[in-house]
Amino acid sequence: MSTEAISGAAPAAGNIASFIDHTLLKPEASEAEILKVCAEAVEYRFKSVCVNPVWIKTVKTALKGSGVLACSVIGFPLGATPSDVKAFEARGAVLDGADEIDMVINIAAARAEDKGALVDDIAAVAEAVHAGGAILKVIIETSLLSDSQKVLACQASVEAGADFVKTSTGFNGGGATAGDIALMRATVGPDLGVKASGGVRSLADAQAMIAAGATRIGASSGIAIVKGEQGSSAY
């Protein structure tokens with residue numbers, strides 16, 4: 001389980017970097033762009049760099065000795081991959097150096113309110129991730145779910161042994177809202193991490209998410225957030 005505690009108050013800009021997963025998930029991202037994001041993460045002391053699996057070895061090498069974590073997405077961005085394939089993909093990413101894995105759930109199962117299928121999907125990946133000593137964040141894609149379906153997905157994540165629940169991929173419309181973060185936090189309790197991702201572009205956005213119960217922020221606008229500026233929505 002995640003050891004990240006719920007924040008009592010929204011941090012100031014100078015302290016918020018440690019909440020941020022500095023993210024570059026564009027399919028066309030180049031090696032130069034990936035290395036730039038890594039350099040920025042080291043400079044600003046972000047929590048992690050989150051990239052597609054093909055870049056994990058590059059990121060792990062670039063971040064060596066910095067204390068910044070390497071994070072990979074799995075079953076991304078649709079979640080419509082068989083569970084054993086997600087587990088295989090996650091196992092490979094961890095072997096390549098990923099410290100954290102952000103997986104997308106079977107969204108159709110969530111919309112059908114099939115909790116058993118959700119638990120099986122998440123548990124398969126959790127087993128592979130934890131066997132390698134990494135942690136698992138579960139993307140429930142809030143923009144595609146009703147509130148009751150969000151609750152069900154969070155309950156399934158807890159039951160399956162996830163370390164975090166996460167709002168969004170950023171690729172399917174919508175994004176994080178303080179209301180969703182509060183709902184997710186109320187559902188999973190104080191022990192799991194909650195990650196706000198999708199549309200978090202400013203310091204005020206990030207502070208609102210943390211005040212609602214987020215312990216991590218996924219953003220491509222991490223530098224703008226730290227500087228108190230407005231960032232872009234590009235992933």
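Since every read-out is calculated from the coordinates, none of them should be taken as a lab result. Keep in mind that this is a model prediction, so the values were computed, not measured. Glycine also receives a Cβ, built like all others from the backbone with ideal geometry; neighbour counts cover every protein chain displayed.
Out of all the residues in the range 90-123, which are closer than 24 Å to Leu24 by Cβ and not in a helix (DSSP H, G or I)?
Once the filter is applied, which keeps residues that are closer than 24 Å to Leu24 by Cβ and not in a helix (DSSP H, G or I), the range 90-123 yields Asp96, Gly97, Ala98, Asp99, Glu100, Ile101, Asp102, Met103, Val104, Ile105.
Determine the pairs where a residue that is on the phi < 0 side of the Ramachandran plot, located within the range 178-190, has a partner that is of a type in the set (Val, Ile, Thr) and part of a helix (DSSP H, G or I) with Cβ atoms under 6 Å apart, the partner being 6 or more residues away or on another chain.
Final answer for the pair search is Asp180/Thr142; Thr187/Val151; Val188/Val158.
Give me a count of the residues in the range 11-61 that are buried (at least 17 other Cβ atoms within 10 Å of the Cβ), within 14 Å of Gly97 (Cα to Cα) and not charged (D, E, K, R).
Number satisfying all stated conditions: 10.
Do you know which residues across the range 130-162 are of a type in the set (Val, Ile, Thr) and within 14 Å of the chain's Cα centre (by Cα)?
Step one: of the range 130-162, the residues of a type in the set (Val, Ile, Thr) are 135, 138-140, 142, 151, 158.
Once the filter is applied, which keeps residues that are of a type in the set (Val, Ile, Thr) and within 14 Å of the chain's Cα centre (by Cα), the range 130-162 yields Ile135, Val138, Ile139, Ile140, Thr142.
Go through the range 71-89 and report how many residues are of a type in the set (A, V, I, L, M, F, W, C) and in a loop (DSSP other than H, G, I, E, B).
3
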